[in-house]
Amino acid sequence: EALRGTRLLLIKTLLLVRADSPMRGLVPWNRVVAALAVLQVTAGIIEVDVTLFGAFMRSMGAGSEVLGLVLGLGYGAAVLGSLAGGRLADQVGPRSWLLLCLALVSAGLAVQGASASWLVAALGFLLVQGAQAALRPAALRLLADAAWEQMGSVLGFLSSTYSAVAVG
């Protein structure tokens, strides 16, 4: 059901930019915006993962205290990831940093999926949270370079894409 909803959202998104669409021009469209729209859909799906993470951890025997600790550490990993991500996006370059962070998010999801204990799942969760936050500064930097004049429209579009998936 979630994949069906995601496919419908992508189709609607692509219709926004068709040459004959009355909505053409509402969102400045280029390769960076298109790539980040796909990332936003993926981030929305990962947000669903965060929502289900508690049930997943409980199924592995983690109690409320452990779950609270892991979720709290996840927010800490996001703060540290965001701070480090901004600095590293400037030093390494936004594209390289974004790709590295995507690889780390993928690795964290793989660790979660393959975990046989709550401790391993928690480590994967922390990696996902930190890496996902670390890629945001690079994504914003790429957006600024690609569509500075229409930054508000682009950010509104990308936020809507994320929210539609996370809520749907």
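The values are calculated or read from the model by the stated rules, or taken from the named source; none is laboratory data. It should be emphasised that the depicted structure is a prediction, and the values quoted were computed from it without experimental measurement. Quick reminder, even Gly has a Cβ in these numbers, built from the backbone with ideal geometry, and neighbours come from all protein chains shown. Remember, those area values only see protein heavy atoms, side chains included, never the ligands or the DNA or RNA. Shrake-Rupley method; radii C 1.70, N 1.55, O 1.52, S 1.80 Å.
Looking at V33, V70, just one residue is at pLDDT 70 or above, β-branched (V, I, T) and assigned to a helix (DSSP H, G or I), and that residue is V70. When F125 is tested against (1) among the aromatic types (F, W, Y); (2) modelled with pLDDT of 85 or more; (3) open to solvent by 20 Å² or more (accessible area, probe 1.4 Å), only condition (3) is not met. Residue count for the stretch 76-114 satisfying the condition of being farther than 25 Å from L143 by Cα and open to solvent by 50 Å² or more (accessible area, probe 1.4 Å): 5.
As for the stretch 106-126, it holds at least one residue that is of a type in the set (V, I, T) and either within 30 Å of G61 (Cα to Cα) or touching a Cys at 6+ places or on another chain (Cβ under 9 Å) (or both). Filtered by the rule that a residue be without any contact (Cβ under 8 Å) to a residue 40 or more places away in the chain and not basic (K, R), the stretch 61-89 gives G63, S64, E65, L67, G68, L69, L71, G72, G76, L83.
Selection of first residues in the stretch 129-152 that are open to solvent by 30 Å² or more (accessible area, probe 1.4 Å) and of second residues that are at pLDDT below 85 and of a type in the set (A, V, I, L, M), restricted to Cβ pairs under 6 Å at least 6 apart or on distinct chains, gives the following pairs, ordered by first then second residue: A146/V32.
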